[in-house]
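Read through the structure below, which is laid out as structure tokens, and then see the notes.
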Amino acid sequence: MQRSSHIQRLAPNYIFAQIKIRVDAYLKEHPDGRKLISLALGDTTHPLPESISNELSDAALKLATDAGYKGYNPLIGLDAFRASISENIYHGLLAADEITISDGIKPDLARFALLSGGKQRVAIQDPSYPVYLETSQLVGDEVILLPATKENGFFPDWCSLKGPHLLFLCSPNNPTGVAATKQQLQKIVDHARKEGMLILFDAAYQAYVTDPSIPTSIFEIEGAKSCAIEWGSFSKSAGFSGLRLGWCAMSKELRYSTGESILTDWKRVLHSSLNGVSYLSQIGGIKALSEEGQRDLQQIVKGYLDNARLIKEALTKKGIQSYGGIHTPFIWADFSPKTSWEAFDELLTKYQIVTTPGVGFGSAGEGFIRFSALGKPHDLLDALHRLSTA
Ligand code: PLP
């Protein structure tokens, strides 16, 4: 096999691998030091609520019976689950047959890259969730990076782009923690329609929006059905990062510039690249969207947002300006003029707290640290105590 020229475009190490190298080196030098506390990872830590775990175990037991056994699932997901997403997430704005179920946003974006096929100009915010850049690089797309800085309120000037592009938008945003307003999204949608652009909207953190005036879906914006695709996930809203469950939503109205349906082709790609998604995960997803499931999950999300508020308060007390942490579990803290790695090293060596250097999400993240509020409350309180006393 020949090595693809595209793979050589990827940065050699994903940010968390680089963090691990530094942390391992620190631990080697300080074998008897204080326990490290991680405020770095974007993974959830709260256990599943019983309402969902009971549903999962009942479904698992049924699989052990002749009547209840299931083999392959429908390729685009269980009908009942797609209907539930249509009703509970999109309030009927998108129909069940405009939703496809996946094993999460990340693998679905790689499958989307198979569809878009390396011929696109792709605009990505810098800093960003690294997968947008990497899946585009892997198929050979041309990438345009738009800086999201303090000066532009972490909202790049998307309207400066002219002509057809794919735009990766993520709101509420990882890593900056900033959530786009309705007006901001309306401006992009209007611009995308005028220029023939396609918005790829990542709504992984939609469950964290607490202000009803902030959109949780791009489809709340007028005109979005003709220019946007949305991905959602149960990883951060329901703690399914290990179970794996997500979805993709797009309207039948969505067309290529040549008039064919993108949804039809998307389903075709799924038929050749996905063999359905775990039945158990989908049963868990149906429960997560039920009234009881939502009640339980909102409590868990509220706990993470309480953590975020405490981190922000602790940073403010130390005179560090921070952003986000209101509609996301991430706080984007400005340590400039220190570099991100200098700030990372200081937090590691002085407080034994592991964080994520902002520069790992793109060069415009230099000088920032991303704090995650998804940790366990007792670890968080311990970390905040260290920050306040040292
Ligand atoms: N999108 C964003 C912005 C994320 O931060 C993450 C995970 O950290 C994902 C997508 C991944 O979602 P999933 O677990 O559904 O693949």
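If you go through segment 6-26 and keep only what is without any contact (Cβ under 8 Å) to a residue 24 or more places away in the chain and surrounded by fewer than 12 Cβ atoms within 10 Å (Cβ to Cβ), you end up with Gln8, Pro12, Ala17, Ile21, Asp24, Ala25. Just checking, does segment 298-314 include any residue being over 27 Å from Phe81 (Cα atoms), without any contact (Cβ under 8 Å) to a residue 40 or more places away in the chain and not in a helix (DSSP H, G or I)? No, that holds for no residue. Of all residues in segment 201-233, those being in a helix (DSSP H, G or I) and among the hydrophobic types (A, V, I, L, M, F, W, C) number 4.
Exactly one residue out of Val143, Val122 is aliphatic (A, V, I, L, M), within 16 Å of the ligand (Cβ to nearest atom) and modelled with pLDDT of 95 or more: that is Val122. For segment 157-183, a residue qualifies if it is more than 17 Å from Glu230 (Cβ to Cβ) and within 16 Å of the ligand (Cβ to nearest atom), and the qualifying residues are Pro175, Thr176, Gly177, Val178. Among residues of segment 142-157 that are touching a residue at least 24 places away in the same chain (Cβ under 8 Å), those with a Cβ under 7 angstrom from a residue that is among the hydroxyl-bearing types (Ser, Thr, Tyr), sequence gap 6+ or separate chain, pair up as Ala148/Thr176; Phe154/Thr176; Phe154/Tyr323. Selection within segment 94-112: residues that are within 22 Å of the chain's Cα centre (by Cα) and away from the ligand (no atom under 14 Å from the Cβ). The member of this set that is farthest from Ser278 (Cα to Cα) is Leu94.
The sole residue among Thr389, Thr355, Thr349 that is of a type outside the set (Lys, Arg) and at pLDDT below 95 is Thr389.
Being crowded, with 16+ Cβ neighbours inside 10 Å and either in contact (Cβ under 8 Å) with a residue 60 or more places away in the chain or touching a Ser or Thr at 6+ places or on another chain (Cβ under 9 Å) (or both): is that true of Ile326 here? So Ile326 passes the test. Do we find a residue being basic (Lys, Arg), surrounded by 22 or more Cβ atoms within 10 Å (Cβ to Cβ), part of a helix (DSSP H, G or I) and within 16 Å of the ligand (Cβ to nearest atom) anywhere in segment 287-296? Taking every residue of segment 287-296 in turn, none turns out to be basic (Lys, Arg), surrounded by 22 or more Cβ atoms within 10 Å (Cβ to Cβ), part of a helix (DSSP H, G or I) and within 16 Å of the ligand (Cβ to nearest atom). Within segment 139-166, the residues that satisfy the criterion of being crowded, with 18+ Cβ neighbours inside 10 Å and more than 18 Å from Ala364 (Cα to Cα) are Val139, Asp141, Leu161, His165, Leu166. Scanning segment 240-266 for residues that are closer than 19 Å to Ala224 by Cα and within 16 Å of the ligand (Cβ to nearest atom) yields Trp247, Cys248, Ala249. Would a scan of segment 57-73 turn up a residue that is in a helix (DSSP H, G or I) and touching a residue at least 12 places away in the same chain (Cβ under 8 Å)? The answer is yes, given that some residue of segment 57-73 is in a helix (DSSP H, G or I) and touching a residue at least 12 places away in the same chain (Cβ under 8 Å).
Here Ile214 qualifies as modelled with pLDDT of 95 or more and closer than 30 Å to Leu380 by Cβ.
The values are calculated or read from the model by the stated rules, or taken from the named source; none is laboratory data. Being a predicted model, the structure only gives us computed values, none of them experimental. Glycine also receives a Cβ, built like all others from the backbone with ideal geometry; neighbour counts cover every protein chain displayed.
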